[in-house]
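For reference, the structure is listed below as structure tokens.
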Amino acid sequence: MIQLEEIMTILSNEKIAADVYKMELSGNTELVSMPGQFVNIKVPGFYLRRPISICDYEPGKLTIIYKLVGNGTDAMSKMQAGDELNMLMGLGNGFNTELSGEYPLLVGGGVGTPPIYGLAKRLVAQGKKVSVVLGFASKQDVFYQEKFSELNENTTGGSCKVYVATVDGSFGTKGFVTNCLDEIEEISHYYACGPIPMLKALIAKLDERQKDIPGQLSFEERMGCGFGACVGCSIDTKSGYKKVCKDGPVFMSSDIVI
Amino acid sequence: MPDISTVLSGIKLDNPIIPASGAFGFGQEFARLYDINVLGSFSFKGTTLERRFGNPTPRIAECREGMINSVGLANPGIEAVISEELPELKKIFHKPVIANISGFSIDEYKYCCEKVDKEDQVGIIEVNISCPNVHAGGMAFGTSPDAAAEVTAAVKSVTHKPVYMKLSPNVTDITAIAKACASAGADGISLINTLLGMRIDIKRGKPVVANKMGGFSGPAIFPVAVRMVYQVYEAVKLPIIGIGGISTAEDVIEMMMAGASAVEIGAANLTDPYVCPKIIEALPGLCEKLKIEKLTDIIGKAHN
Ligand SMILES: Cc1cc2nc3c(=O)[nH]c(=O)nc-3n(C[C@H](O)[C@H](O)[C@H](O)COP(=O)(O)OP(=O)(O)OC[C@H]3O[C@@H](n4cnc5c(N)ncnc54)[C@H](O)[C@@H]3O)c2cc1C
Ligand SMILES: Cc1cc2nc3c(=O)[nH]c(=O)nc-3n(C[C@H](O)[C@H](O)[C@H](O)COP(=O)(O)O)c2cc1C
């Protein structure tokens, strides 16, 4: 029997970009097994829980990054160190790191970036030569690019090269994540999390470059429960109807029709 | 120790707690979390003749003290439920289960009931004539007394198992529907299904769920459910499964006092996956506090 529900204590909750907050919490993280999994947070005063990706975790500590988009995330942004949050831990499948090959490409768009960080950390630890491309609207929205770069300082032989694109050109390359891809020499596998238009553009661009690079995509959908009970968040795949919360949120791109 | 067992059409339940159809799948997700044999029973996901994706997404919206779903009877279809889900369920759940059946025509209801009739694991057939999320059929059968009676008679003709008709609250007079089901031979009444509701995203100026409207459930609808159970208890002499907004042991007692012999719990399982075992644990203590020796003694107590 699994105790999915954990009471986590907030260690810090700080703004790291325009409307974007990073929250660190202490508590039991034993149920988290893979980067790309998420937690479902009971925000006091709201009926449904809020699904948020796990950005980073270690025994006893969890990091999430969230954007203030509505009343629930607004309430979260006002919480303080010492406050407690009830969450369902370690939900979803997460990214499969065994398929990465030597030269994985990781792509994060906006608040699709957090799960990509945990993944980059894991792949670098496995000695992989990781390329990360992050896309944001503008300079004020950019976060975590130094954290990704810091992963370069390691003893595993792995590396992490970071490229940033902003739509208005105020930081990094002007344009979209796809504008950075030409700089990357080798891609053995790709992982992406971000808005659907970004995923579509990415797939098209990669297809132009070389047919059939295998990849994994992380999806978002409105959820009732987050653990597979209500069938609120279905997605139609080439191998049948799937639940985003339980069978995903990560799917093989070859399995997806978008 | 107070006796919290109850009875539905001759089937003894260890307690009145039954997860409602659509909030518990086919039990597997919850069996990972706790021993689901602590439950009185559970009602499995609404099953139709054909496999269904359901409505387009998004199909969940939040409400104050509740939620809207427009899942639209997403299910693997009756054949797969019988050949795959039930055998898997048998391994983890050793009590009679409630088979929740939906249809788009009288024949479809009949076909599905005939199929589940042959399954030993099924104790009760719950016939959903109240789904607000499908265009043809579904709720249409539950909003006219004649149609409700027709479905009841049709399914009764193909099964010997107890048939509970699950009613829609989206009607002017719930007692007329309940009476029609009773005279057509129903063995019990389950109520309520969700209230038809809607949310609009004010930033986009568009409905939140793709299907525009959906079924509203959760604590916010509890008073409506209590009122309807109370009315139906006076209208028909059939056992009632009280459903709608239940999330605490106190709610269970209140619903039983209105006239329910057992209760189903839906949305609360989604926000707190352990809510049912928590309520089952809390019930004996609450009974003691209220000086209830036998839970069945309070069924319909509010009518005296
Ligand atoms: C698997 C998964 C991982 C996610 N990871 C992150 C993350 O790491 N960082 C981050 O900032 N956001 C993430 N999101 C999106 C996040 O869940 C929503 O932004 C958040 O729920 C909005 O809540 P709110 O109360 O502020 O907004 P409101 O619009 O007021 O919320 C109303 C309801 O809609 C739901 N909802 C609104 N937007 C979304 C959405 N995009 N996806 C799912 N449900 C939504 C809410 O949960 C709530 O039930 C993730 C979503 C999913 C499904
Ligand atoms: C996500 C969801 C799916 C549901 N699916 C079904 C269904 O398939 N068949 C059915 O008879 N009722 C279905 N219902 C209705 C519930 O069984 C119950 O009648 C209703 O939600 C009221 O109870 P609650 O307030 O405890 O949720 C569903 C409810 C929810 C929230």
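Just a few scattered comments:
- Given (1) part of a loop (DSSP other than H, G, I, E, B); (2) acidic (Asp, Glu); (3) modelled with pLDDT of 95 or more, number of the condition A:Glu98 does not satisfy: (1)
- Leading residue by the ranking (nearest to A:Cys245 (Cα to Cα)) among those in the range B:77-98 that are in contact with a Ser or Thr (Cβ under 8 Å, 6 or more places away or on another chain) and surrounded by fewer than 22 Cβ atoms within 10 Å (Cβ to Cβ): B:Gly77
- Residues of the range B:99-120 that turn out to be out of contact with any Ser or Thr (no Cβ under 8 Å at 6 or more places or on another chain) and within 13 Å of ligand 2 (Cβ to nearest atom), as a count: 0
- Wholly within the range B:179-292, strands (runs of 3 or more DSSP E) carrying at least 1 residues that are surrounded by fewer than 19 Cβ atoms within 10 Å (Cβ to Cβ), away from ligand 2 (no atom under 14 Å from the Cβ) and more than 14 Å from chain A (Cβ to nearest Cβ): none
- Checking B:Asp3 against (1) charged (D, E, K, R); (2) over 28 Å from B:Glu254 (Cα atoms); (3) more than 11 Å from chain A (Cβ to nearest Cβ), the condition it does not meet: (2)
- Within the range B:30-46, the set of residues being among the hydrophobic types (A, V, I, L, M, F, W, C) and over 19 Å from A:Met89 (Cα atoms) comprises B:Ile36, B:Val38, B:Leu39, B:Phe42, B:Phe44.
- The set of residues in the range B:98-112 that are among the hydrophobic types (A, V, I, L, M, F, W, C), in contact with a helix residue (DSSP H, G or I) (Cβ under 7 Å, 6 or more places away or on another chain) and more than 8 Å from B:Leu49 (Cα to Cα) comprises B:Ala99, B:Ile101, B:Ile106.
- For the range A:215-236, filtered to residues that are at pLDDT 95 or above and assigned to a strand (DSSP E or B), the residue that is farthest from the other protein chains (Cβ to nearest Cβ) is A:Gly215.
Here is a yes/no grid of residues against (1) more than 16 Å from ligand 2 (Cβ to nearest atom); (2) closer than 15 Å to A:Leu217 by Cβ; (3) not assigned by TED's automatic domain parsing to the domain that holds A:Cys193:
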{"position": "A:Pro51", "(1), (2), (3)": "no, no, yes"}
{"position": "A:Ile64", "(1), (2), (3)": "yes, no, yes"}
{"position": "A:Gln80", "(1), (2), (3)": "yes, no, yes"}
{"position": "A:Gly109", "(1), (2), (3)": "yes, yes, no"}
{"position": "A:Ala120", "(1), (2), (3)": "yes, no, no"}
{"position": "A:Gly127", "(1), (2), (3)": "yes, no, no"}
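- The set of residues from the range A:52-71 being in contact (Cβ under 8 Å) with a residue 12 or more places away in the chain, within 11 Å of chain B (Cβ to nearest Cβ) and within 22 Å of A:Gly108 (Cβ to Cβ) comprises just one member, A:Val69.
- When the test is whether a residue is buried (at least 23 other Cβ atoms within 10 Å of the Cβ), within 14 Å of another protein chain (Cβ to nearest Cβ) and in contact with an Asp or Glu (Cβ under 9 Å, 6 or more places away or on another chain), B:Ser70 does not pass it.
- Residue count for the range B:192-205, restricted to those that are away from ligand 1 (no atom under 16 Å from the Cβ) and either over 16 Å from B:Glu126 (Cβ atoms) or free of Cβ contacts under 8 Å to residues at least 60 places away in the same chain (or both): 2
- Unique match (being within 8 Å of ligand 1 (Cβ to nearest atom) and surrounded by fewer than 18 Cβ atoms within 10 Å (Cβ to Cβ)) among A:Gly92, A:Gly82, A:Gly45, A:Gly70: A:Gly70
- Here is the figure for the range A:15-41: residues that are farther than 21 Å from A:Asn86 by Cβ and in contact with a strand residue (DSSP E or B) (Cβ under 6 Å, 6 or more places away or on another chain) total 5.
- Selection of the range B:28-58 for residues being part of a strand (DSSP E or B) and either at the interface with chain A (Cβ under 7 Å from one of its Cβ atoms) or at pLDDT 95 or above (or both) yields B:Ser43, B:Thr47.
- Number of residues in the range B:30-51 that are more than 18 Å from B:Val252 (Cβ to Cβ) and within 13 Å of ligand 2 (Cβ to nearest atom) equals 5.
- Looking across the range A:1-11 at every residue that is surrounded by fewer than 18 Cβ atoms within 10 Å (Cβ to Cβ) and not in a loop (DSSP other than H, G, I, E, B), the one that is farthest from the other protein chains (Cβ to nearest Cβ) is identified as A:Leu11.
- Entry remark, the range B:220-259: residues being free of Cβ contacts under 8 Å to residues at least 40 places away in the same chain and farther than 20 Å from B:Tyr164 by Cα number 8 in total.
The values are calculated or read from the model by the stated rules, or taken from the named source; none is laboratory data. Just so we're clear, the structure is a prediction, and the values are computed from it rather than from any experiment. Backbone-built Cβ (ideal geometry, glycine too); neighbour counts: all protein chains shown.
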